[in-house]
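Colleague: Please see the structure below; I have some questions.
Just so it is clear, none of the values below were taken in a lab; they were calculated from the coordinates. Keep in mind the model is a prediction, meaning the values are calculated, not measured. Cβ atoms come from the backbone with ideal geometry, glycine included; neighbour counts cover every protein chain shown.
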């Protein structure tokens, strides 16, 4: 069972049903709205804690790391009291290890945001770092017409440890989620990851380090903001939605997708087996350099056979930075002729979630191919 709780007020915890959605939400939402009407100039932020390192404290008796109850968040992060914000929280119970994150949990997050969309100025999602970039990418497609900040953050050290990076990440993420222009519009109305002084577009971000605090990087798109003494936003890089268009949440995914990484010496029988997995609908093909593959007849024939059977194959580079240009070399042109489509400068996390998202909506093969070559949420650069 999970709970929805509001800080700064004496509010009872409200249970949710087995699917994880608020069953008494409408009445509670009215209560929140009424309370906020008395704080009309007070920004409101909803914290959604899914799990991860940030939400752990050390048991003083055993020394083991344990998930702490977000009812006691102010005890562990007293700095939040200095914000003139209305901060509420929703806690997954039990918390999810990010290695166990999957589309069903993405749908739950979207449902929470959708149900609470009119009552908060921004949303902060606390998430484990291992799959944070996948979740951020998925949410960028699921939250169509998003016009409010959705900021994912976490930490490399638990929030209950002395040198934790969690406090600064959490506090700054909340400040960014609540930030508005003088006209009242949000400064960053898109899905982002904030980590170690960098605000990055969510579907452009990948995890690069398992140990250091600078765990994430956006190689193919500049940071939306850099944080030091001041938060300096790169306004010209931030997406500007049409505020007149209502949020359109999506929930459907088809996970019949595989990531296939090429390497010198890869065997024909391996690729044959992968491309003939029952039910397979799409492949993210990680190639060399600017989108190149070995000039093997059997490889091109297998890829061509797969595309002719309706399997969508998207070519992305194994390099951390740069884009696929299949017309550049003969080795890439052969892939194009076999029916493989370009993933441009997409991250692996983005390519996978975008394919699953489009497949889940029952689109035709030609429509999916077209949309994979289109920029839906700022995820690729097309020159």
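Colleague: With axes computed from alpha carbons, what is the tilt in degrees of helix 297-308 against the longest principal axis of the chain, rounded to the nearest 10 within 0 to 90?
Modeller: Taking the Cα atoms of the chain, the angle to 297-308 is about 60 degrees.
Colleague: Among 121, 97, which comes first, second and so on when ranked by fewest other beta-carbon atoms within 10 Å? Show your work: numbers first, answer last.
Modeller: Values: 121 20, 97 14.
Going from least to most buried by this count: 97, 121.
Colleague: Taking only the alpha carbons of the chain, what extent do you get along each of the three principal axes, in Å, biggest first?
Modeller: Ordered largest first, the chain gives principal extents of 69, 51, 44 Å.
Colleague: So, one more: When a footprinting reagent is the concern and you count Cβ atoms within 10 Å, what order do 192, 319 take, fewest first?
Modeller: Numbers: 192 30, 319 16.
Lowest count first: 319, 192.
Colleague: Contact order normalised by length for the chain, with contacts defined as Cα pairs under 8 Å and 6 or more residues apart; what percent is it?
Modeller: Result for the chain is 13 percent.
Colleague: Working from Cα positions, state the angle (0 to 90°, nearest 10) between the long axis of helix 25-37 and the longest principal axis of the chain.
Modeller: The helix 25-37 is inclined about 60 degrees to the chain.
Colleague: Which of 206, 185 has the fewest other C-beta atoms within 10 Å, and how do the rest follow up to the most? Walk me through the numbers before you get to the answer.
Modeller: Details: 206 21, 185 13.
Ascending number of Cβ neighbours within 10 Å: 185, 206.
Colleague: Hey, could you get me the Stokes-Einstein D for the stretch 259-359, Kirkwood radius over alpha-carbon pairs, 20 °C and 1.002 mPa s, rounded to whole µm² s⁻¹? Display every interim value, and only then the final one.
Modeller: Working: Rh = 13.4 Å.
For these conditions, the coefficient is 160 µm²/s.
Colleague: Can I ask one more? Multiply the residue gap between residue 381 and residue 83 by 0.36 nm, knock off their C-alpha separation, and tell me the result in nm, one decimal place.
Modeller: Answer, rounded to one decimal: 103.6 nm.
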